Every structure is written in C-alpha cells, then in structure tokens.
1. So for the pair T77, L92, with labels modelled 7 Å out along Cα→Cβ, what separation do we get in nm?
2. Need one number: % antiparallel among DSSP beta bridges in the chain, to the nearest 5.
3. What is the local net charge at Q113, summed over the other residues whose Cβ is closer than 14 Å to its Cβ (Lys, Arg +1; Asp, Glu -1)?
4. Quick check: residue separation of S28 and L114 times 0.36 nm, minus the Cα distance between them. What number comes out in nm?
5. Tell me which label goes with the value of Rg/Rh (Cα atoms, Kirkwood Rh) computed from the coordinates here: [x] 0.94; [y] 1.14; [z] 1.23.
6. Helix-only estimate, please: 222 nm mean residue ellipticity of the chain, summing -39500 (n - 2.57) across DSSP H runs of length 4 or more and dividing by its residues, to the nearest 500.
7. Quick check: from the Cα gyration tensor, does the stretch 52-101 come out rounded (a/c under 1.5), prolate or oblate?
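Please treat every number below as a calculation from the coordinates, not as lab data. Worth saying up front: this structure is predicted, and the values here are computed from it rather than measured. Glycine gets a Cβ as well: all are built from the backbone with ideal geometry, and neighbour counts include every protein chain shown.
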Amino acid sequence: MLQYKSVEALSIPEAADALGVRHRDIRSMIADGALVGFKDERGFEIPTVFLLMDGRKAHLLSSLKGTVTTLRDSGLTDEEAVEWLLTVHDELGIRPIDALRSGNVHGVRRAAQLAF
C-alpha cells in the first residue's frame, strides 16, 4: 500500500453527496480531470483535500483540473497524479495540493512541467 492511500478520502457516493451532485456527475468530473483518485480495498477513493469545504457543503478545487491536465499530458496516470499531488516536492517545499489550495497555481504547474 502506498503512503498516499492513507489520506482521508471519499467514495464516489460520498463525494457526490458532499458536492450535491449525482454519482454520474462525479464520474464525469473524473473523466474530465476535474477530480482524480485512487483504488483501494473500499473501491475508488477521492482525497478530501481535493475538495474545498464550506461548512457542510463542498466545492471543487478549481485549479485541480488544469493541474491534472498538465500531469496527464506529462504521461502520468491518474493514480500517479494523485501520488504526485500528495508528495512534498523540493521546488515547492510543500505538497503540490497544499500549494494549489493556497493559490500557488503557477508554481505547481511549473513544478509539474519540470518534473517530467
């Protein structure tokens, strides 16, 4: 088991409930790269840090989609992209997902381009 799989995560139904959308909308978001996740013994999981919580309502982290596109274009699978997003990188000094959540979109995408 990879270390990133120990993060807090939501199943597709749980993510759909948190975002207030249908299950198939979550699957569309995954296909479009607006969300990514990994498979484990529970099934497909989406790390909660990929969503922004506003009380009981969640929202998509808007900068995730472009970053996932950059990582996919670099040849990473979605599971590898999750691992990359949740691993501290020297160039950023923090995990890329934390940099995205704090608004450092350009720094994260630059690191993604330079890493591959």
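1. Taking the two extended label points, one gets 2.1 nm.
2. On the way: 10 of 10 bridges.
Among the beta bridges of the chain, antiparallel pairing accounts for roughly 100 percent.
3. Numbers: positive: R72, R109, R110; negative: D73, E91.
Local charge sum for Q113: +1.
4. 28.1 nm
5. It is the value labelled [x].
6. Details: 6 runs with 53 residues, N = 116.
After summing the helix terms and dividing by residue count, I get -13000 deg cm²/dmol.
7. On the way: a/c = 2.30, a/b = 1.42, b/c = 1.62.
Oblate.
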